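Asker: Quick one: structure below, then a few questions.
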Amino acid sequence: MPQKDVLPSHIGIIMDGNGRWAKKRGLPRKAGHKIGATAFRKTVRYANKLGIKYLTIYAFSTENWKRPEDEIKAIIELLRNYLNDAKNYKSENVKTRFIGDLSVFDDDILKKIADCEEESSNFTGLTLNIAINYGGQNEILNAVKLISKEVSENKLSVDEITTQTIADRLYTRGQPDVDLIIRPSGEQRLSNFLTFQSAYAEFIFMDTLWPDFNEKCLDKALAEFAKRNRRFGGI
Ligand code: FPP
């Protein structure tokens, strides 16, 4: 078990390597996403058990629409399955939120998302943000538009705008910035994930492919995080 006093408040995870995991086994890419969804559930449960307060998981980016249609369908189906099962996870006390431009999803998914958010809104355990059709740059753009509108309607003056004004208009408003971003699969990029919120995040890259990610991998990342000397621009 990792040391409690040095746990990050907010962890972001980029679930990467599902396709490669499947390819290595001669399976279709969607088989990797299926096991990836199991790794996701396992990770959420464990982070909650450890007492992590916020976990943001990158499930589908604004760029992922470039993938073949059957792969996109398979990922959306996994999301739908998760939403259908969500009521069985109530005892876990996880507050679930969906972040991203949700307007593109079908009405049945939007209804399930609204129900899942509503039913877990008073839960006091981990806050889980599931990022779907999410892009960090779009999120900032959206905040800029909201601020511009408020300025044009004289609800806000330009001089009043601070970084907090922007943070308050992101999907993660009210939540602390991300402290730790974990990316498995050997890739070392942020890929438009939590662009604004990651200004002072620690990054941990791992070679493990996402479907193989387990409790031990999270323990390892947390042990590494505990050793980092975070200075936030000071000395
Ligand atoms: C990246 O791996 C993974 C994705 C783009 C999809 C992740 C989605 C899931 C695991 C579905 C579950 C989601 C929920 C919310 C239940 P990749 O395909 O880019 O891997 P590669 O780099 O090896 O090709």
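The values are calculated or read from the model by the stated rules, or taken from the named source; none is laboratory data. Computed from a prediction, not measured in an experiment: that's the story for all the values here. No Cβ is skipped: glycine too gets one built from the backbone with ideal geometry, and neighbour counts run over all protein chains shown. Ligands, DNA and RNA are stripped out before the accessible areas are found, and what is left, the full protein with its side chains, is counted by its heavy atoms. Shrake-Rupley method; radii C 1.70, N 1.55, O 1.52, S 1.80 Å.
Asker: Report the residues of the stretch 29-51 in range of a label on Glu215: point 7 Å along Cα→C-beta, backbone N strictly under 15 Å from it.
Answerer: 39-51
Asker: Which aspartates and glutamates have a Cα less than 14 Å from the Cα of Lys49, not counting those fewer than 8 places away in the same chain?
Answerer: Counting by Cα, and skipping residues close in sequence, Lys49 has these aspartates and glutamates nearby: Glu92, Glu215, Asp219.
Asker: Quick check: net charge around Lys145, other residues with Cβ under 13 Å of its Cβ, Lys/Arg +1 and Asp/Glu -1?
Answerer: Values: positive: Lys149, Arg169; negative: Asp101, Glu139, Glu150, Glu153.
Every neighbour counted, the sum reads -2.
Asker: What ranking of Glu77, Glu139 comes out by heavy-atom accessible area, probe 1.4 Å, highest first? Don't jump to the answer; show the numbers that get you there.
Answerer: Values: Glu77 85, Glu139 0 Å².
Listed by decreasing accessible area, they come as Glu77, Glu139.
Asker: Sticking with this one: Which residues among the stretch 75-113 fall inside the zone where the amide N is under 19 Å from a point 7 Å beyond the Cα of Thr38, along Cα→Cβ?
Answerer: Answer for this model: 75-86, 89.
Asker: A follow-up question, please. Report the Cα centroid-to-centroid distance between the stretch 27-45 and the stretch 108-131 in angstrom, as an integer.
Answerer: Cα centres, the stretch 27-45 to the stretch 108-131: 20 Å.
Asker: When the dipole is taken about the Cα centre of the stretch 1-86, and only Lys, Arg (+1) and Asp, Glu (-1) are charged at their Cβ, what size is it in debye, to the nearest 20?
Answerer: Numbers: 17 positive and 8 negative charges, 67 e Å.
With only Lys, Arg, Asp and Glu charged at Cβ, the dipole is about 320 debye.
Asker: So what's the net charge close to Lys73: Lys and Arg +1, Asp and Glu -1, counting the other residues with Cβ under 11 Å from its Cβ? Write down the numbers at each step before the final one.
Answerer: Working: positive: Lys30, Arg67, Arg80; negative: Glu69, Asp70, Glu71, Glu77.
Cβ neighbours under 11 Å give a net charge of -1.
Asker: Can you compute the FRET efficiency between Asn192 and Glu69 using 1/(1 + (r/R0)^6), with r the Cβ-Cβ distance and R0 = 22 Å? Round to the nearest 0.05.
Answerer: Values: r = 22 Å, r/R0 = 0.99.
Between Asn192 and Glu69 the formula returns 0.50.
Asker: State, as an integer percentage, the relative contact order of the stretch 17-131 based on alpha-carbon contacts under 8 Å between residues 6 or more apart. Numbers along the way, then the final one.
Answerer: Numbers: 120 pairs, mean separation 38.6, N = 115.
Contact order relative to length: 34 percent.
Asker: Hey, another quick one. Taking a 28 Å limit on the Cα-Cα distance, which of the listed pairs Lys30/Lys227; Lys73/Lys112; Lys42/Lys145; Lys87/Lys227; Lys111/Lys216 fall beyond it?
Answerer: Distance filter (> 28 Å) returns Lys30/Lys227; Lys42/Lys145; Lys87/Lys227; Lys111/Lys216.
Asker: May I ask you to derive the FRET efficiency for Thr163 and Glu117 from their Cβ-Cβ distance with R0 = 30 Å, giving the value to the nearest 0.05?
Answerer: Details: r = 27 Å, r/R0 = 0.89.
Efficiency, rounded to the nearest 0.05: 0.65.
Asker: Please report the spacing between the Cα centers of the stretch 171-235 and the stretch 46-89 in Å, no decimals.
Answerer: Using only Cα atoms to place each centre, the spacing works out to 18 Å.
Asker: If you don't mind, there's one more thing I want to ask. Assign unit charges at the C-beta atoms only (+1 for Lys and Arg, -1 for Asp and Glu), then state the dipole size of the stretch 78-235 relative to its Cα centre in Debye, rounded to the nearest 20. Please list the in-between numbers first.
Answerer: Working: 20 positive and 25 negative charges, 71 e Å.
For this selection, approximately 340 debye.
Asker: Taking the Cα centre of the stretch 143-235 as the origin, how large is its charge dipole in debye, to the nearest 20, when only Lys and Arg (+1) and Asp and Glu (-1) carry charge on their Cβ atoms? Write down the numbers at each step before the final one.
Answerer: Details: 13 positive and 14 negative charges, 20 e Å.
I would put it at about 100 debye.
Asker: As a test of the formula, what do you get for the chain when each DSSP H run with n ≥ 4 contributes -39,500 (n - 2.57) and the sum is divided by the residue count, at 222 nm and rounded to the nearest 500 deg cm²/dmol? Present the calculation step by step, with values, prior to reporting the outcome.
Answerer: Values: 7 runs with 94 residues, N = 235.
Mean residue ellipticity, 222 nm, calculated: -13000 deg cm²/dmol.
Asker: Looking at Ser103, Ala39, Asn138, which one has the Cα that reaches farthest to the positive end of the dipole of the stretch 1-142 (charges on Cβ: Lys, Arg +1; Asp, Glu -1)?
Answerer: Ala39
Asker: Another question about this same structure. As an exercise, use a Förster radius of 25 Å and the Cβ-Cβ distance of Ser9 and Glu77 to find the FRET efficiency, rounded to the nearest 0.05. Please list the in-between numbers first.
Answerer: On the way: r = 33 Å, r/R0 = 1.30.
After rounding to 0.05, the efficiency reads 0.15.
Asker: Protein chains only, probe 1.4 Å: how do Arg45, Arg228, Arg183 rank by accessible area, largest first?
Answerer: Details: Arg45 115, Arg228 75, Arg183 15 Å².
Sorted descending by solvent-accessible area, the residues read Arg45, Arg228, Arg183.
Asker: Indicate, rounded to the nearest 5 percent, the antiparallel portion of the DSSP beta bridges found entirely in the stretch 1-151.
Answerer: On the way: 0 of 17 bridges.
Among the beta bridges of the stretch 1-151, antiparallel pairing accounts for roughly 0 percent.
Asker: Taking only C-alpha pairs under 8 Å that are 6+ residues apart, what is the relative contact order of the stretch 138-235 in percent? Let's see the in-between values first.
Answerer: On the way: 80 pairs, mean separation 22.4, N = 98.
Relative CO of the stretch 138-235 lands at 23 percent.
Asker: Separate question: If packing is taken as the average count of other Cβ atoms within 10 Å, what order do 118-124, 140-146 fall into, highest mean first? Spell out each step's value before the answer.
Answerer: On the way: 118-124: 12.4, 140-146: 14.3.
Final packing ranking: 140-146, 118-124.
Asker: Turning to a different aspect of this structure: Using a 1.4 Å probe, how large is the accessible area of Val44, given in Å² and rounded to the nearest 10?
Answerer: Rounded to the nearest 10, that gives 0 Å².
Asker: Which percent of the accessible area of the stretch 78-235 is formed by carbon and sulfur heavy atoms (probe 1.4 angstrom)? If you can, show how the numbers build up before the last one.
Answerer: Numbers: 4080 of 8530 Å².
The C+S portion of the solvent-accessible surface of the stretch 78-235 is 48 percent.
Asker: Ok, one more. When only C-alpha pairs under 8 Å and at least 6 residues apart count, what is the relative contact order of the chain, in percent?
Answerer: On the way: 356 pairs, mean separation 70.3, N = 235.
Reported relative contact order: 30 percent.
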